[in-house]
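See structure below.
Please treat every number below as a calculation from the coordinates, not as lab data. A quick note: this is a predicted structure, and the numbers were derived from the prediction, not measured. Heads up, the Cβs are rebuilt from the backbone with ideal geometry, glycines too, and the neighbour counts pull from every protein chain shown.
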C-alpha cells in the first residue's frame, strides 16, 4: 500500500485535495504547517498533489504497521 504525505500552509487546498481522492486520509496541524496523509493511493494522487503550488510531496510504500492492537480493556472506542 502506498501512503502519500503532502505538506503545506494552505489548509483549504489540502482539504480540497483530500476530498477529491477516494482514499482514507488524516489532516494534521503543526507549527504553521499542515500535513495531509492519504492511505492506499496510486500514482495519480501523487501527480495531482505535485501539480498544486506551494506543497511538498512524499510517497512511501507501507512495509509494516499495526492498525489496532488494543490494551485488553473494553472501552467506548474498542471494537
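Tabulated data
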read-out	value
Volume per residue of the C-alpha convex hull in region 2-60, rounded to whole Å³	66
Contour excess over end-to-end distance, with Cα ends at residue 43 and residue 9 and 0.36 nm allotted per residue	9.9 nm
Computed lengthening from residue 51 to residue 33, 0.36 nm per intervening residue step minus Cα-Cα distance	4.6 nm
Computed label-point distance, nm, for sites residue 64 and residue 26 using a 7 Å Cα→Cβ extension	1.9
Relative packing of 1-8, 37-44, which averages over residues the other C-beta atoms within 10 Å, highest first	1-8, 37-44
